[in-house]
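The values are calculated or read from the model by the stated rules, or taken from the named source; none is laboratory data. Since we're looking at a predicted model, the values are computed, not measured. Cβ placement follows ideal geometry from the backbone for every residue including glycine, while neighbour counts extend to all protein chains displayed. Areas reflect the complete protein model, heavy atoms only, side chains present, ligands, DNA and RNA absent. Shrake-Rupley method; radii C 1.70, N 1.55, O 1.52, S 1.80 Å.
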Amino acid sequence: MLKIGVFGCGAIGAELCKAIDSGHIDVELYAIYDRHEQATVDLKDKLRNTDPKVLEIVDMVKHVDLVVECASQQAVYEVVPAALHAKCDVMSISVGAFADQNLLKTTTDLAKEYNCKVYLPSGAIAGLDGLKSASSTSIYSVTLTTEKHPRSLAGAPYIIQNNIDLDAITGKTVIFEGMATEAVKAFPANVNVAASLSLAGIGFEKTKVKIIANPALSRNIHEINVEGEFGSFTTRVENVPSPTNPKTSYLAALSAISTLKKIADPLQVGT
Ligand SMILES: NC(=O)C1=CN([C@@H]2O[C@H](COP(=O)(O)OP(=O)(O)OC[C@H]3O[C@@H](n4cnc5c(N)ncnc54)[C@H](OP(=O)(O)O)[C@@H]3O)[C@@H](O)[C@H]2O)C=CC1
Ligand SMILES: O=C([O-])CC(=O)C(=O)O
């Protein structure tokens, strides 16, 4: 059975571990890690059937087949190369880190050298299957419009650098318009989905991103518009936020669960 290490025990990591613990995914939860010891204690308390070790990444990679990063873009720099050097496969949910072309190239090169796979889940969006299929021919445009409650944008570098007073927003307000390459750095905990979209489609420099703050919302909305030689499509997901982290949509955790299930299952369905 595939041995898994989960790096990051927050909203996504905890859901993934609980899904393994309940038997929904046929893998062994061997180890977990978080920089907050209490997060690992709280998570272990919630597990009924498994008792993972708490191991730092250098030790985790010696014992597992696959490391799942669900921590932060910064953690990707530590976790992904360490896993690949140890010949472990890796799943990374903080996909925005791969807007850094050096990191992307190093990761791809290491994965080839050690014959490993790097899995980047769809996260909180729908439509990557269609975009991947359509990419075999010309794609004319890809646009992501993300609409969230202002409190979900709190702490983003773009908000801080531009002194945006989120409490003063009373109606639907466009906060950011630009390319994915800038968006994922400006909002590292909000639009990792723009990175998945870029990698599946026409790249970080051509994928357009609009971020709207809307205090009337209780859901995180991601709308995607794609136009190309194939025709066009639009997807819109109205995401329930994760109860423990309002920036993160519940679907993102479910996407990590689904990706791990696909890795473990002999039957592969869908693109
Ligand atoms: N691809 C997608 O669609 C989506 C991606 N995401 C991304 O997934 C990641 C996880 O999200 P979520 O579970 O909601 O996040 P949480 O903040 O709920 O949990 C992440 C945990 O990992 C810890 N952590 C962060 N960096 C490190 C590190 N370098 N070393 C050790 N521990 C670390 C955090 O600590 P601390 O609180 O101190 O940072 C926190 O305890 C985030 O990067 C998020 O932006 C989220 C939603 C959708
Ligand atoms: O969960 C979401 O709605 C999307 C998100 O935070 C991200 O892509 O970083």
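Considering only the stretch 72-82, I want to know if a residue exists there that is open to solvent by 10 Å² or more (accessible area, probe 1.4 Å), in contact (Cβ under 8 Å) with a residue 24 or more places away in the chain and within 16 Å of ligand 2 (Cβ to nearest atom).
Among the residues of the stretch 72-82, at least one is open to solvent by 10 Å² or more (accessible area, probe 1.4 Å), in contact (Cβ under 8 Å) with a residue 24 or more places away in the chain and within 16 Å of ligand 2 (Cβ to nearest atom), which makes the answer yes.
Please find, within the stretch 204-213, the residue that is nearest to residue 100 (Cα to Cα) out of those that are more than 16 Å from ligand 1 (Cβ to nearest atom) and open to solvent by less than 20 Å² (accessible area, probe 1.4 Å).
By that ranking, first place goes to 212.
Of the residues 175, 160, 224, only one is at pLDDT 95 or above, among the aliphatic types (A, V, I, L, M) and within 13 Å of ligand 1 (Cβ to nearest atom); which?
That would be 224, the only listed residue that is at pLDDT 95 or above, among the aliphatic types (A, V, I, L, M) and within 13 Å of ligand 1 (Cβ to nearest atom).
From the set of residues in the stretch 173-201 that are over 13 Å from the mean Cα position of the chain (by Cα) and open to solvent by 40 Å² or more (accessible area, probe 1.4 Å), which is nearest to ligand 2 (Cβ to nearest atom)?
185
List every residue pair whose Cβ atoms sit under 7 Å apart, with the two residues 6 or more apart in sequence or on different chains, where the first one lies in the stretch 1-20 and is closer than 12 Å to residue 39 by Cβ and within 13 Å of ligand 1 (Cβ to nearest atom) and the second, anywhere, is outside any helix (DSSP H, G or I) and of a type in the set (Gly, Ala, Ser).
Final answer for the pair search is 7/71; 8/71; 11/242.
Of all residues in the stretch 43-59, how many are more than 21 Å from the chain's Cα centre (by Cα) and surrounded by 14 or more Cβ atoms within 10 Å (Cβ to Cβ)?
8
In this structure, does residue 109 turn out to be away from ligand 1 (no atom under 14 Å from the Cβ), in contact (Cβ under 8 Å) with a residue 24 or more places away in the chain, assigned to a helix (DSSP H, G or I) and not small (Gly, Ala, Ser)?
So residue 109 does not fit the description; no.
So residue 91 clears everything in (1) assigned to a strand (DSSP E or B); (2) within 24 Å of residue 251 (Cβ to Cβ); (3) out of contact with any helix residue (DSSP H, G or I) (no Cβ under 8 Å at 6 or more places or on another chain) except one condition, right? Which one?
(3)
Only one of these conditions is not met by residue 244: (1) modelled with pLDDT of 95 or more; (2) farther than 16 Å from residue 93 by Cα. Which number is it?
So the condition that residue 244 fails would be (1).
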